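The block underneath contains the structure these notes are about, expressed in C-alpha cells.
The values are calculated or read from the model by the stated rules, or taken from the named source; none is laboratory data. Keep in mind the model is a prediction, meaning the values are calculated, not measured. Virtual Cβ from ideal backbone geometry, glycine too; neighbours counted across all protein chains shown.
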Amino acid sequence: MKIVVDTNILMDAWSDNFSYASRIVEAVISGELQAVASHKIWREYQLILERLVNDQKHYDLANRFFQAIEMIEVRRRVDVVKYDRDDNKFFACAEEAGAEYIISNDMHLIEVGEYKGIRALRPKDFWLKYENDGEDRNDNWKNWMRSIMGK
C-alpha cells in the first residue's frame, strides 16, 4: 500500500514512540507500507530534520525512514487544498505515485477528504483502517503477542 506522509507525522513519531504516527513510520521502515515523496516534500522533511531533530536516536530513526522512501517526480499541478496552497504538493505526489492515502494531522488536508480516490486521514484513522483491512497482519501481530505472553 502506497502512502504519502506529511511532515507533521514525522514530528509526532519522533516525539512519542507509542503513537499511531510512530507505528506508521516503523511500518514504512520495515517495508510493510510504501511511502512516496516528491522533491518538494523531501525538502520539507530535510528542513524539519535540521531544525527539530537534536539527538542521535531520532536522527537515526529519521534517516532510516528517509532511506525507505521512494522518490517520485511530480509533473502535474493539483489545486484542491483551499487554505494552504503549499499543501497541494501532497495530493500531487499521491496522484502521480498512485498512492491511496495521505497521512496527516493538517486540517487543510483532512478537510479535502478524498480527491481522485486519494484519502487524507489522521494517523489513528489510517492505522485502524490499515489493521482492519489486513487480517493476516493482524493475526501475525496477535500470534506474536501470544508468544511473548506465553499463551
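Output the residue which, of all residues in region 34-63 that are in a loop (DSSP other than H, G, I, E, B) and of a type outside the set (A, V, I, L, M), is nearest to Trp127 (Cα to Cα).
Out of the qualifying residues, it is Ser38.
Test Asp55 against the criterion of being surrounded by fewer than 14 Cβ atoms within 10 Å (Cβ to Cβ) and modelled with pLDDT under 95, and give yes or no.
yes
Kindly indicate whether any position in region 68-78 is farther than 19 Å from Lys2 by Cα, under 15 Å from the mean Cα position of the chain (by Cα) and of a type outside the set (A, V, I, L, M).
For region 68-78, residues farther than 19 Å from Lys2 by Cα, under 15 Å from the mean Cα position of the chain (by Cα) and of a type outside the set (A, V, I, L, M): absent.
For region 82-125, how many residues are in a strand (DSSP E or B) and surrounded by 15 or more Cβ atoms within 10 Å (Cβ to Cβ)?
Residues flagged as in a strand (DSSP E or B) and surrounded by 15 or more Cβ atoms within 10 Å (Cβ to Cβ) within region 82-125 amount to 8.
Do any residues in region 82-94 that are over 13 Å from Ser38 (Cα atoms) have Cβ atoms under 6 Å from those of residues that are in a helix (DSSP H, G or I), where the two are at least six apart or on different chains, and which pairs are they?
Between residues of region 82-94 that are over 13 Å from Ser38 (Cα atoms) and residues that are in a helix (DSSP H, G or I), the close pairs are Tyr83/His108; Asp84/His108.
Let me confirm something: among Lys82, Lys89, Lys40, Lys116, which residue is at positive phi, out of contact with any strand residue (DSSP E or B) (no Cβ under 8 Å at 6 or more places or on another chain) and of a type outside the set (A, V, I, L, M)?
After applying the criteria, what remains is Lys116.
Look at region 1-46 and say how many of its residues are without any contact (Cβ under 8 Å) to a residue 40 or more places away in the chain, of a type in the set (S, T, N, Q) and within 21 Å of Glu95 (Cα to Cα).
Here the count works out to 1.
Restricting to region 21-33, give me the number of residues that are within 13 Å of Gln67 (Cβ to Cβ) and either among the charged types (D, E, K, R) or not in a loop (DSSP other than H, G, I, E, B) (or both).
Result for region 21-33: 4.
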